[in-house]
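Enquirer: Quick one: the structure is below, questions incoming.
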Amino acid sequence: MIWNNIIQRIIFFLLNVPGVVGNILVFVRHVYAFLTGPDKKPIDLIIIHLMFSNAVIICTLGLRDIATVFDFRNFVDNVGCKLLIYLVRVARGLSICTTCLLSMIQAITISPRTTLWRKLKPQTAWQVLPYLLLFWIINSLISSNLLHYITAVNTLNGSGTEMYIGYCYMLPSRQEIRWFFLSLMALRDVIFQSLMGWSSGYMAFHLYKHHKRVLYLHSSRFANNSSPEIRATLSTLNLMTCFLVFYWADFMFSVYTGSTLRDDLITLNIKTFLDLGYAVLSPLVLINRDVRIAKFWRAH
């Protein structure tokens, strides 16, 4: 049991601390660019929103881990349980929607100027705000059932429950209600991931054509001398790949654990890694590809 607790605490710090720091770095960088730049770029506002969503996921799951790993049974009360589970569910939905929006705008950005798609690109950051507000409304409504059915362990009276996470539990609900909200979440994921897949495929095709054109016009040693637009497209593609890998890995693992009813330490650690994976790694992908971030922090 001692080694189990040590392993859990190491995983907790290895995931949460780099994730919080990485999201803060990217968040501050783009807030600075948004506030001081001559133009309020839509991409900056979208990345600010994505980093905020990631930070909410990490912080809410971090509080859950504090209660579970360090055995603080009274750390989260009934209201705290409702807010933690509700916020992490809303933030997950916001992360999906915001990542999709970023992918769509980047695909439109690299499309030929003569196409009709260019007319859909927001010209100012304020044109992005209605989309972000819509995402908040959609995901808040889809997750609203949690505010009623989530409760803390110390408020249970012996009635039937389904374990959710840590010291928070989910009360049983009617099948119709459960399937209604599950269908809404599934519909959201299908729509946004389909758009994400289309835009990612379009960007990959555009990069392939760009690479062939560079090789044709110059020698291969100039192929990596890409424009900022191409670097941004590569960054977005890496972000999409990171998201899809963790999303589907988490989905398949959840199906597996749900069918086998496994609830051991290894299962818990894998689930924690998959829950936090995209939120932790996505800022690292942006830092690695965005040369402006490195220059900004060297200058300051």
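Enquirer: With r as the distance between the Cβ atoms of Leu187 and Tyr32 and R0 = 35 Å, compute the FRET efficiency 1/(1 + (r/R0)^6) and round to 0.05. Spell out each step's value before the answer.
Expert: Working: r = 37 Å, r/R0 = 1.06.
That gives a FRET efficiency of 0.40.
Enquirer: When the chain is fully extended, how far beyond the present Cα-Cα distance does Trp126 get from Ala249, taking 0.36 nm per residue of separation?
Expert: On the way: separation 123, 0.36 × 123 = 44.28 nm, distance 3.51 nm.
Length difference between fully extended and current span is 40.8 nm.
Enquirer: In addition: Going by amide H atoms built from the backbone, whose H comes under 5 Å of the H on Lys40, apart from near neighbours?
Expert: The list, which skips near neighbours in sequence, is Ala125.
Read the figures in this text as sums done on the coordinates, not as results from a lab. Here the structure is a predicted model, which means the values were calculated and not measured. Cβ atoms come from the backbone with ideal geometry, glycine included; neighbour counts cover every protein chain shown.
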